[in-house]
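Only the coordinates and a few stated rules stand behind these numbers; no lab work does. Remember, it's a predicted structure, so these values are computed and weren't measured experimentally. Backbone-built Cβ (ideal geometry, glycine too); neighbour counts: all protein chains shown.
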Amino acid sequence: MGQGNDSMTAAFSASSRIATLDFIRGAAVLAILAVNIFSFALPDAATFTPFWRGDAGREEAAYIVNYMVADGKFRGLFTLLFGASMAMIMDRARANGLSAAQIHLDRMIWLGVIGALHMLFLWHGDILLTYAAAGAALTWISPHASARRLLALGVILLIGGAIMLGGMSLFSSPHMAAHIPYLRDHAAMMMEMITQHDTEMRALQQSINFDLSLYLGPYADLLAYRMTLLLGYPVSFAMSALETIPLMLIGMALYRSGFLTGQHSHRAYAHIIALCLPAGMILTGISLWPVIASGYDPLVSLAALISFSVPGRLLLILAYAALLILILRHWPTHTMTQRICAAGRMALSNYLATSLMMTSIFYGYGLGLYGQLERWSLYGFVALGCAAMLACSQPWLAHFHYGPLEWVWRSLARGEAQPFRRR
């Protein structure tokens, strides 16, 4: 047992970090707060329409900017990096004669526990439980699968899932169905199915008043509500997995091809940016058009977020990754670069810390600012959260090998306490 753990520690030592993965992960964990802040601070209805207050005003411009630049892109980038890390850890385990499947499953089990606790006690928007379940489902992937095969499988599943989710949303939208007789005939049936079987959809369609009373009310009510989300989690996972699993496969492919580890030429990354950035923006803009045309019908907005925007989102994710790799190449030793890398090494701790910080600011057991502010003003809290992550991560890692939650996760997954404090 001791010899096996020594081999495992050697295989996954903190000194074997890959700078590009840390930097992209750090940028993603910082940027994803710019998307999550709306869930922390506003009713669920604000996710789909800027008119949740009545008159949109500046809300509409902020909604459009967030949709075009951020929404789904940074979560997707984060998911891509999770898939890459899975491939890296499993490849290193096999290279050291260890059971890659067992090590991977142990990690996913404990990540799932951490995610479930996060969802129950801090924030309903947790992504860790989904990552753990999707990661466990990918244990069957052949260790000899080529990058090209993984990429093809990921893209096919991603587009297929987008078509499936888009179809469900179209069936459910009275606005869209009114123009298509076949859809109109089935709209009521599909709406009933979604309302009955998708806990997360049901929560998003609850009234703004319900959200305000819930998040500004007693903590016990929040716990009871989140428990219903956990009980209904298998259904919500079935929907989110249609994007999460394909993006993880694509991340594994990009890791094995050398794209995410910075092994391609400067020109190759520049070409990716020149091609994917404008094409991604155009496709994303096209996916936004039916949302605006429908007057921000919630179900049309949902269809755009989970389906219509997927092709453009994937292109933008690739462009963002390539851009970040070039930034790291140009400024590898810059103070800000190093701080972003440190934030990436502590991504789990930073992700959970932002949940604690933001719920304490907006929820009723904290400052009670939930539903009180406009979208634009929320970016000030994003800046506050990012500044805290950048300020604390590097000094912490100067004294400790891992972030606090990273250390807990590693220790639980490996069955013994890992080295923590630096000597």
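Qualifying chymotrypsin sites (Phe, Trp or Tyr not before Pro) in the stretch 316-373, where qualification requires a DSSP coil assignment and no more than 14 other C-beta atoms within 10 Å, comprise TYR365. Within the stretch 58-77, find all residues whose amide N lies under 20 Å from a label point positioned 7 Å from the Cα of ILE282 along Cα-to-beta-carbon. From the stretch 58-77, the list is 68-70.
With R₀ set to 30 Å, the beta-carbon distance separating VAL113 from GLU60 gives a calculated FRET efficiency near 0.15.
Just want the ordering: HIS118, HIS124, HIS266, from fewest to most Cβ atoms lying within 10 Å of their own Cβ. The partial results should precede the final answer.
Numbers: HIS118 23, HIS124 20, HIS266 11.
If I rank by nearby Cβ atoms, fewest first, I get HIS266, HIS124, HIS118.
Build a GNM of the chain with springs between Cα atoms under 10 Å apart, and of ASN350, ASN96, ASN36 the one that fluctuates most is ASN96. Ordering SER236, LEU260, MET358 by the projection of their Cα atoms onto the charge dipole of the stretch 2-414, which places +1 on the Cβ of Lys and Arg and -1 on the Cβ of Asp and Glu, puts LEU260 at the extreme positive end. Placing +1 on each Lys and Arg Cβ and -1 on each Asp and Glu Cβ, with no other charges, gives the stretch 34-168 a dipole about its Cα centre of roughly 540 debye. Each of ALA388 and SER257 was given a label point 7 Å from its Cα along the Cα-to-Cβ line. The distance between the two points is 3.8 nm.
When GluC sites (Glu not before Pro) are flagged only if DSSP places them in a loop and at most 15 other Cβ atoms lie within 10 Å, the longest unflagged stretch of the chain comes out as 1-373. Annotation: amide H of PHE400 within the under-5 Å range of ARG422, sequence separation 5 or more or interchain, hydrogens built in the peptide plane. Dipole check for the stretch 30-98: with +1 at the C-beta of Lys and Arg, -1 at the C-beta of Asp and Glu, and the Cα centre as origin, the magnitude is about 360 Debye.
Taking 0.36 nm per residue of sequence separation and subtracting the Cα-Cα distance, how much length would be gained by fully extending the chain between HIS334 and TRP396, in nm to one decimal? Write out the running numbers ahead of the final one.
Working: separation 62, 0.36 × 62 = 22.32 nm, distance 1.83 nm.
20.5 nm is the gain from fully extending HIS334 to TRP396.
From helices alone, the chain scores -24500 deg cm²/dmol at 222 nm; the rule is -39500 (n - 2.57) for each run of n ≥ 4 DSSP H residues, then divide by the residue total.
For each of MET252, MET357, MET119, count neighbouring Cβ atoms within 10 Å of the residue's Cβ, then give the residues from fewest to most.
Values: MET252 29, MET357 18, MET119 22.
The fewest-first ordering by Cβ neighbours comes to MET357, MET119, MET252.
In the stretch 2-414, a dipole from Cβ-located charges (positive for Lys and Arg, negative for Asp and Glu) runs towards its positive end, and of SER146, ALA45, TYR320 it is SER146 whose Cα lies farthest in that direction.
Could you state the per residue volume, in Å³, of the convex hull enclosing the Cα atoms of the chain? Please report the intermediate quantities before stating the final value.
Working: hull volume 60.8 nm³, N = 423.
Here the figure is 144 Å³ per residue.
In sequence order, the stretch 331-345 has phi-based couplings of 10, x, 10, 4, 4, 5, 4, 5, 5, 5, 4, 5, 4, x, 5 Hz under the Karplus curve 6.51 cos²θ - 1.76 cosθ + 1.60, θ = phi - 60°, and Gly or Pro positions carry x. Summing Cβ point charges (Lys, Arg +1; Asp, Glu -1) relative to the Cα centre of the chain gives a dipole of roughly 1600 debye. As a length-normalised measure over Cα pairs under 8 Å and 6 or more apart, the relative contact order of the chain settles at 30 percent. With N counted as the residues of the stretch 234-335, its alpha-carbon radius of gyration over 2.2 N^0.38 Å works out to 1.29.
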